[in-house]
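To start, the structure under review is shown below, and the notes come after it.
The values are calculated or read from the model by the stated rules, or taken from the named source; none is laboratory data. A quick note: this is a predicted structure, and the numbers were derived from the prediction, not measured. Neighbour counts are summed over all protein chains in view; Cβ atoms, including those assigned to glycine, are modelled from backbone coordinates with ideal geometry.
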Amino acid sequence: MLSYYVSKLPDDTVRESLINLNRIKQCLEAHQYDELFICAQKTDEFYNAAVKTALTENDEKFANSAYVFSSYTSLIKEIATYFELLNERKYEESWNSLQDCLSLMRLLFRFAIKKFDLNDLYELLIMYETLYPYSLFISSEYTIKSSHCSICGKSMRSVSCSHRRGELYWGELAVECIDEIESLQAISLVENPADKRLVASVANDRRSKEEKFQLLEAFLSLNIDKLSIADFELPNMSCETERKTPHSEDRLLENTSKNGMDHRKESCIIPIKSIKRVQLYMFDV
Amino acid sequence: MDKIDFSENMYDLDMYEDAHLTSPEQKNKLDEMSFVVMPASYKDDEKYYSQEAIDFVKYCREEDSTHSISLLDDDDVVSRSLHSIDIWMPIIWVAEKALLPIVVSLVSRYIYEKIKGREGEKTNVDVEFHFKEGKRVRTIHYKGDIKNLEDVLRKKIK
């Protein structure tokens, strides 16, 4: 679909949107997020113009490819949002942003045959995902009594609506909008949920942000460019912690309190084997 | 090897119809359609359509115009949503054994389209086929990794 969109050159909308995406990617590489967000504001404008052209030319594939291209631009923007949250050390919020990136990525993988830089970006996002302390998620089971289609408005509990959830039709994604849940039957704890935003966490978790997200903190403290894919093995330890070896006996004594308990600050070491920076694909316009 | 739950059962046709059908219209559908998507029992007296039931009917109608497919009930059915990454396919009534390879192929293609973009993630599928053998009904239930689905079913339905 992305290739089909690009194949529509020299269409003015396509050309301008590709130039804009190139600029957005340059901003991401230079970590100039303010300018990136300004450029990304034009995404809807390009998408609407492309769909209008597609309708005039009776070309549904072009309309769908405009949706996919718009999602590609949104992905780059969302990655910038994610990096900003990491810079601000807003780790819990950053998890949701990371999942937003991965949702867009899955949509792109589904509809884009030529991947451009998507495989590397996916590898990067998955690397970040491994640094979070989340492994158990909530999955709900419920019965849907009524819902409607985001495209035609008809009941999605009926075959009279011809749209299938998650498919593209004339540049629109068919989504099931749930109107009435008959009953909530169960809440399950699962490792592979449909939505990883639903994290299971322990009530009254009194760990500090530094303790909870120590792997992520340790990785970010290495000051590696955020667009770099690092190859590492996660430290094999309970609670993902490892104690630094004290440099001397004096240091050990210094960190031992009056009651004899060892209160040295726990920290984490991530041994990096290699680093590869993601090369963002620039469109030839 | 990933765990696969595979089971086969035989039921007397009359008992099967008593357990699954509530009206003569439903009996007519089983007699007339190539495939009928059926609700599954939940607890004792509750029946719901699986998450993929309606989309699967729409998919089959788009992809295969030579075979007829319908939901057992009329429109606006109640479905059960299970928000794990796994694919919950419906119970599919198959009019005759000879049609099994066709419906297995449709199920496989539907699932592969559904999980496109998440191929690297381990996903299980749950699907059940029911079909008549003489005066009895045979059921085949598969629950396991998506990648083994077509192979396992093709071997079993030879």
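Scanning segment B:109-149 for residues that are part of a loop (DSSP other than H, G, I, E, B) and charged (D, E, K, R), we see that the one that is farthest from the other protein chains (Cβ to nearest Cβ) is B:LYS135.
Here B:LEU106 meets each of (1) within 15 Å of the chain's Cα centre (by Cα); (2) assigned to a helix (DSSP H, G or I); (3) more than 15 Å from B:GLU128 (Cβ to Cβ) with one exception, condition (3). Can you tell me which residue in segment A:144-163 is nearest to the other protein chains (Cβ to nearest Cβ), limited to those that are under 12 Å from B:ASP55 (Cβ atoms) and at pLDDT 95 or above? Among them, the one singled out is A:HIS163.
Residue-wise test of (1) touching a Phe, Trp or Tyr at 6+ places or on another chain (Cβ under 8 Å); (2) farther than 24 Å from B:ILE111 by Cβ; (3) modelled with pLDDT under 90.
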| site | (1), (2), (3) |
| --- | --- |
| A:PRO193 | yes, no, yes |
| A:ARG197 | yes, yes, no |
| A:ALA200 | yes, yes, yes |
| A:ILE229 | no, yes, no |
| A:MET237 | no, yes, yes |
| A:PRO246 | no, yes, yes |
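Listed conditions (1) more than 13 Å from chain B (Cβ to nearest Cβ); (2) under 17 Å from the mean Cα position of the chain (by Cα) are all met by A:LYS114, apart from (2).
Within segment B:62-75, being more than 10 Å from chain A (Cβ to nearest Cβ), surrounded by fewer than 21 Cβ atoms within 10 Å (Cβ to Cβ) and in contact with a strand residue (DSSP E or B) (Cβ under 7 Å, 6 or more places away or on another chain) holds for one residue alone: B:HIS67. When residues in segment B:37-61 are screened for being more than 8 Å from every other protein chain (Cβ to nearest Cβ) and either among the polar types (S, T, N, Q) or not in a loop (DSSP other than H, G, I, E, B) (or both), 12 of them pass. For B:PRO90, the conditions (1) outside any loop (DSSP other than H, G, I, E, B); (2) more than 11 Å from chain A (Cβ to nearest Cβ); (3) more than 22 Å from A:SER146 (Cβ to Cβ) all hold with the exception of (3). For segment A:125-143, indicate whether the set of residues that are of a type in the set (Phe, Trp, Tyr), under 19 Å from the mean Cα position of the chain (by Cα) and within 13 Å of chain B (Cβ to nearest Cβ) is non-empty. Looking for residues that are of a type in the set (Phe, Trp, Tyr), under 19 Å from the mean Cα position of the chain (by Cα) and within 13 Å of chain B (Cβ to nearest Cβ), one finds at least one in segment A:125-143, hence yes.
Hey, among the residues in segment B:12-36 that are in a loop (DSSP other than H, G, I, E, B) and either of a type in the set (A, V, I, L, M, F, W, C) or in contact with a strand residue (DSSP E or B) (Cβ under 7 Å, 6 or more places away or on another chain) (or both), which one's nearest to A:GLN185 (Cα to Cα)?
In the first step, residues of segment B:12-36 are kept if they are in a loop (DSSP other than H, G, I, E, B); the result is B:21-23, B:33-34.
Keeping just the survivors that are either of a type in the set (A, V, I, L, M, F, W, C) or in contact with a strand residue (DSSP E or B) (Cβ under 7 Å, 6 or more places away or on another chain) (or both) gives B:21, B:33-34.
Working: B:LEU21: 24, B:MET33: 32, B:SER34: 33 Å.
The residue in question is B:LEU21.
In segment A:169-184, the qualifying residues are those that are of a type in the set (Gly, Ala, Ser) and outside any strand (DSSP E or B), and the one that is farthest from the other protein chains (Cβ to nearest Cβ) is A:GLY171. For B:THR139, state whether it is of a type in the set (S, T, N, Q) and touching a residue at least 60 places away in the same chain (Cβ under 8 Å). The answer is yes for B:THR139. A count restricted to segment A:155-168 and to residues that are surrounded by 16 or more Cβ atoms within 10 Å (Cβ to Cβ), among the hydroxyl-bearing types (Ser, Thr, Tyr) and not in a strand (DSSP E or B) stands at 1. Being among the charged types (D, E, K, R) and not in a helix (DSSP H, G or I) is a description that applies to A:LYS114.
Residues are listed down the side, and each one gets a yes or a no for (1) in contact with a strand residue (DSSP E or B) (Cβ under 8 Å, 6 or more places away or on another chain); (2) among the charged types (D, E, K, R); (3) free of Cβ contacts under 8 Å to residues at least 40 places away in the same chain; (4) not in a loop (DSSP other than H, G, I, E, B):
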position: A:PHE37; (1), (2), (3), (4): no, no, no, yes
position: A:THR56; (1), (2), (3), (4): no, no, yes, yes
position: A:LEU75; (1), (2), (3), (4): no, no, no, yes
position: A:ILE79; (1), (2), (3), (4): no, no, no, yes
position: A:ASP100; (1), (2), (3), (4): no, yes, yes, yes
position: A:GLU123; (1), (2), (3), (4): yes, yes, no, yes
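Listed by first and then second residue, the pairs with beta-carbon distance under 6 Å, at least 6 apart or on different chains, first residue in segment A:185-196 and within 7 Å of chain B (Cβ to nearest Cβ), second assigned to a loop (DSSP other than H, G, I, E, B), are A:ASN192/B:ILE85; A:ALA194/B:HIS83; A:ALA194/B:ILE85.
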